[in-house]
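Single-structure report; data block below.
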C-alpha cells in the first residue's frame, strides 16, 4: 500500500458548489475509484486549497489511473469539477492535482 497526498486550489466562488457535489458523489464515480485500487480517500479544505489523501493498494498506479481516465462517467464528473479547480503553479507537467512528498508517517 502506498499513501498519496495531493493539493489543488479551488476557486472561492465555486467552493460551496464543490462541497455540494462532494456531499453526494455519483455512485459510478465511487465505484470506479474502488476498482482502481484507491481506498481511504478524503479531501480537506483550507484557504482555497484542497488537500486529498488516499491509499493505493494496486500494483500499477499508472494503469489504474488510465483506466479511471478512460471511464465515461468519471470524465463527466471531471468536466464539472475541473472548472472549479485551480491547479498549483508548481505541479509537475501532466499533473492536475499536484502530488506531495510524504515526509512523516506514524501508524
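The values are calculated or read from the model by the stated rules, or taken from the named source; none is laboratory data. From a predicted model like this one, the values you see are computed outputs, not experimental measurements. All Cβ positions, even for glycine, are placed from backbone atoms using ideal geometry, and neighbour counts span all protein chains on display.
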(request) Considering only segment 2-44, state which residues are surrounded by fewer than 13 Cβ atoms within 10 Å (Cβ to Cβ) and on the phi > 0 side of the Ramachandran plot. (result) 40
(request) Mind telling me which of the residues 67, 73 ends up being touching a residue at least 40 places away in the same chain (Cβ under 8 Å), surrounded by 11 or more Cβ atoms within 10 Å (Cβ to Cβ) and part of a helix (DSSP H, G or I)? (result) 73
(message) If I ask for residues that are over 14 Å from the mean Cα position of the chain (by Cα) and assigned to a helix (DSSP H, G or I), which ones from segment 1-30 would you list?
(response) 12, 13, 14, 15, 16, 17, 20, 27, 28
(message) Can you find a residue that is touching a strand residue (DSSP E or B) at 6+ places or on another chain (Cβ under 8 Å) and more than 22 Å from residue 57 (Cβ to Cβ) anywhere in segment 21-36?
(response) yes
(request) Determine which single condition residue 54 fails, assuming it passes every other condition in (1) loosely packed, with under 10 Cβ neighbours inside 10 Å; (2) not in a helix (DSSP H, G or I). (result) (1)
(request) Go through segment 76-107 and count every residue that is surrounded by 10 or more Cβ atoms within 10 Å (Cβ to Cβ) and over 26 Å from residue 13 (Cα atoms). (result) 1
(message) So, residue 41, is that one within 21 Å of residue 1 (Cβ to Cβ), assigned to a loop (DSSP other than H, G, I, E, B) and without any contact (Cβ under 8 Å) to a residue 40 or more places away in the chain or not?
(response) no
(request) From (1) modelled with pLDDT of 95 or more; (2) exposed (fewer than 13 other Cβ atoms within 10 Å of the Cβ); (3) touching a strand residue (DSSP E or B) at 6+ places or on another chain (Cβ under 9 Å), pick out the condition that doesn't hold for residue 49. (result) (2)
